[in-house]
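Chemist: Sending over a structure as C-alpha cells; questions will come in a sec.
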Amino acid sequence: MRSPIAMVLISVFSLWGCANVNQTLANKLDNSTGQHIDELISVLGFPSEEKTFAGRNVFVWYHQDTVSTSHSFFTGSYWDKTFDSRTVYCRISIEIDDSQIVQGNSFDSTDGGCGYYVDRINRLEGL
C-alpha cells in the first residue's frame, strides 16, 4: 500500500508540471500575436487543419499520444509494480488575418498533453 504522503506529493508535482507546461505554452502563444504565421509553422510544423469561421481564418494543430507509466509499491511483504497508460492530447488554434498575421490563439489539452508543442515552440527565437 502506498503512503498517503507519497501519494499527495506525487499528485502535487504532477499537477505543477502540467500547469507549468500550459503556462509556458500560453505565454509563448501570446508572444506570437502580431507575427507572421510562418514563424509558428516553422517550429510547430504544418497545421492539422485550416478552418474559416465567420470570415476568420484559423489554423489548428492537434497532437495525440499514449503515455505509459509504472508505479512501484511495497505490499508489506514484497515490492510490486503496476502499469498505467492514458491518452493525452493538445489542440492549438491560431487565428490569422488576411495578411497571415497572428491575431489570437487558444488551446485545449489533457494534463501534460501540450508538452510535445512546448518542446517545439521553445526553439522559436523571440517568443
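FYI, it's all coordinate maths here, none of it is from the lab. Bear in mind the structure is a predicted one, so any value in this text is a computation, not a measurement. In this analysis, Cβ positions are derived from the backbone assuming ideal geometry, glycine residues included, and neighbour counts consider all displayed protein chains.
Chemist: Sort LYS81, LYS51, LYS28 so the one with the fewest other Cβ atoms within 10 Å of its own Cβ comes first.
Modeler: The order, fewest Cβ neighbours first, is LYS81, LYS51, LYS28.
Chemist: Here is a further query. Would you mind getting me the FRET efficiency between ASN57 and GLN35? Use the beta-carbon distance for r and R0 = 22 Å, nearest 0.05.
Modeler: On the way: r = 15 Å, r/R0 = 0.69.
E(calc), rounded to 0.05, equals 0.90.
Chemist: Let me ask something else about it. Which far-off residues, 5 or more places away or on another chain, put their amide H under 5 Å from the one on ASN105, with H placed in the peptide plane?
Modeler: GLU95
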